[in-house]
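Read through the structure below, which is laid out as structure tokens, and then see the notes.
The values are calculated or read from the model by the stated rules, or taken from the named source; none is laboratory data. As the structure is a computational prediction, the values presented were derived from the model and not from experiment. Ideal geometry is used to build each Cβ from the backbone, glycine not excepted, and the neighbour counts take in all protein chains shown.
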């Protein structure tokens with residue numbers, strides 16, 4: 001995978017975790033990070049900061065291959081179905097934030113840090 005072609009863009013979303021779960025003791029917030037191919041609008045890689053490798057792998061692998069073309073709701077439905085952990089709402093919030101950033105970028109409204 002050529003990461004220098006300019007069409008692979010990394011997006012991240014963060015949301016507060018509920019108190020009392022292992023991940024919140026470690027991180028306070030969850031980070032969901034996706035690499036999107038802007039030619040196809042498909043998530044090609046994903047990662048998250050859940051506390052266990054299994055949860056991280058399960059959520060991340062469910063996102064890979066998903067299209068961003070139809071909005072955040074298809075991603076939300078996937079997570080709602082495949083993840084029954086306490087961090088579900090935080091993951092969904094992070095995905096909605098990612099989708100908003102993705103839309104802004106596609107619409108040319110992303111501010112540059114170089115300005």
Look at residue 69 and say whether it is surrounded by fewer than 17 Cβ atoms within 10 Å (Cβ to Cβ), farther than 17 Å from residue 47 by Cα and modelled with pLDDT of 95 or more. yes
Here are 86, 61: which of them is in a helix (DSSP H, G or I) and either modelled with pLDDT of 95 or more or surrounded by 14 or more Cβ atoms within 10 Å (Cβ to Cβ) (or both)? 61
Can you spot a residue in the range 6-20 that is surrounded by 15 or more Cβ atoms within 10 Å (Cβ to Cβ), within 17 Å of residue 94 (Cβ to Cβ) and modelled with pLDDT under 90? yes
Show the residue pairs meeting these rules: Cβ distance below 8 Å; 6+ apart or different chains; first residue within the range 31-58 and touching a residue at least 12 places away in the same chain (Cβ under 8 Å) and on the phi > 0 side of the Ramachandran plot; second residue assigned to a strand (DSSP E or B) and surrounded by fewer than 16 Cβ atoms within 10 Å (Cβ to Cβ). 41/67
Looking at the range 25-43, which of the residues that are surrounded by 14 or more Cβ atoms within 10 Å (Cβ to Cβ) and out of contact with any helix residue (DSSP H, G or I) (no Cβ under 9 Å at 6 or more places or on another chain) is nearest to residue 14 (Cα to Cα)? 27
Exception for residue 11 within (1) assigned to a helix (DSSP H, G or I); (2) in contact with a strand residue (DSSP E or B) (Cβ under 6 Å, 6 or more places away or on another chain) falls at (1)
